[in-house]
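Contents: one structure, followed by commentary.
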Amino acid sequence: MSYVLRHGALDMGLEMTADGYVPVDSLLILQHPKFIGNQWTLQDIRDVVSDSDKQRFKLREKPASDYGQATQRTVERLTQTTTATSNMLLCIRANQGHTISFIKPELLLVRLSAEELRRIPTIVHGTYSALWPAIQISGGLSRMKRTHIHCASGLIGENGVISGMRRGCDVYIYINAEACADAGVVFYRSDNGVLLTAGIKGGILPCKYFSHVTDAGGNEILVRSKTEGSRSCLG
């Protein structure tokens, strides 16, 4: 489900609104090679949403008019799922992690003002020691194929943090929120607490916006001034 809602919905022929929602009924009857043998039920979808350890998904009723006639007719023909009521459709989205450029961040996420950004005590991106040299050489964090670079407001398990990095990360890149705010770097917050930025030109958040980098043991790998920043990740 993560793949469909974050990456493959349009390629699989599903209709999606600009805030990332897909009708649940359309997902349940999806006939795509990746979903051959799909036996999901509406209750399965509800269970996945409620039980997700990182609260990756959100359910919401949306007007059927938000979708095309083909989707509306498909939903009207369904009898066993019947999530459509009073011209409203039960829809589902991924809260973050998209590679679909069609998605509009302002409709999906909460944009943080410069003052809100400055007040965040911790912004950290989790990665792996095997990838750290490439980050150094490239000069910063890249959003890669995703629309945003993902960060958390602390390490997983700290102060209620449930998402924003994988649990197996062993390198932590701490972001200088004040420097980002001063430079106008835009950050967003998702419904499940992930902090996201597209970086600056080219989808890169340069190393000069790092405050420090540590390994899983808390040992400092890269130390930088919180006020002066750095020109390079090297050295």
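Please give the number of the condition ASN192 fails out of (1) at pLDDT below 90; (2) under 23 Å from the mean Cα position of the chain (by Cα); (3) buried (at least 20 other Cβ atoms within 10 Å of the Cβ).
(3)
Name the residues in the stretch 98-144 that are part of a strand (DSSP E or B), among the β-branched types (Val, Ile, Thr) and surrounded by 16 or more Cβ atoms within 10 Å (Cβ to Cβ), would you? Reasoning before the result, please.
Applying the first criterion (part of a strand (DSSP E or B)) to the stretch 98-144 yields 110-111, 124-127, 140-142.
Then keep just the ones that are among the β-branched types (Val, Ile, Thr); that gives 110, 124, 127.
Listed by number, the residues that qualify are VAL124, THR127.
Mind checking whether some residue in the stretch 216-224 is under 18 Å from LEU117 (Cα atoms) and either surrounded by fewer than 17 Cβ atoms within 10 Å (Cβ to Cβ) or modelled with pLDDT under 95 (or both)?
Of the residues in the stretch 216-224, the ones under 18 Å from LEU117 (Cα atoms) are none.
No: the stretch 216-224 contains no residue that is under 18 Å from LEU117 (Cα atoms) and either surrounded by fewer than 17 Cβ atoms within 10 Å (Cβ to Cβ) or modelled with pLDDT under 95 (or both).
If you scan the stretch 191-221, which residues turn out to be in a loop (DSSP other than H, G, I, E, B) and farther than 19 Å from SER163 by Cα? Please lay out each step first, then the result.
The initial filter retains those residues of the stretch 191-221 that are in a loop (DSSP other than H, G, I, E, B), namely 191-194, 198-200, 216-219.
Matches in the stretch 191-221: GLY199, ILE200, GLY217, GLY218, ASN219.
So, ILE120, is that one more than 30 Å from LYS62 (Cβ to Cβ) and in contact with a Cys (Cβ under 9 Å, 6 or more places away or on another chain) or not?
Working: more than 30 Å from LYS62 (Cβ to Cβ): yes; in contact with a Cys (Cβ under 9 Å, 6 or more places away or on another chain): no.
For ILE120, the condition - more than 30 Å from LYS62 (Cβ to Cβ) and in contact with a Cys (Cβ under 9 Å, 6 or more places away or on another chain) - is not met.
Among the numbered conditions (1) free of Cβ contacts under 8 Å to residues at least 40 places away in the same chain; (2) surrounded by fewer than 16 Cβ atoms within 10 Å (Cβ to Cβ); (3) not aromatic (Phe, Trp, Tyr), tell me where ASP53 comes up short.
Going through (1) free of Cβ contacts under 8 Å to residues at least 40 places away in the same chain; (2) surrounded by fewer than 16 Cβ atoms within 10 Å (Cβ to Cβ); (3) not aromatic (Phe, Trp, Tyr) one by one, ASP53 breaks only (1).
The values are calculated or read from the model by the stated rules, or taken from the named source; none is laboratory data. Computed from a prediction, not measured in an experiment: that's the story for all the values here. With ideal geometry, Cβ positions are generated from the backbone for all residues, glycine too; neighbour counts draw on all protein chains shown.
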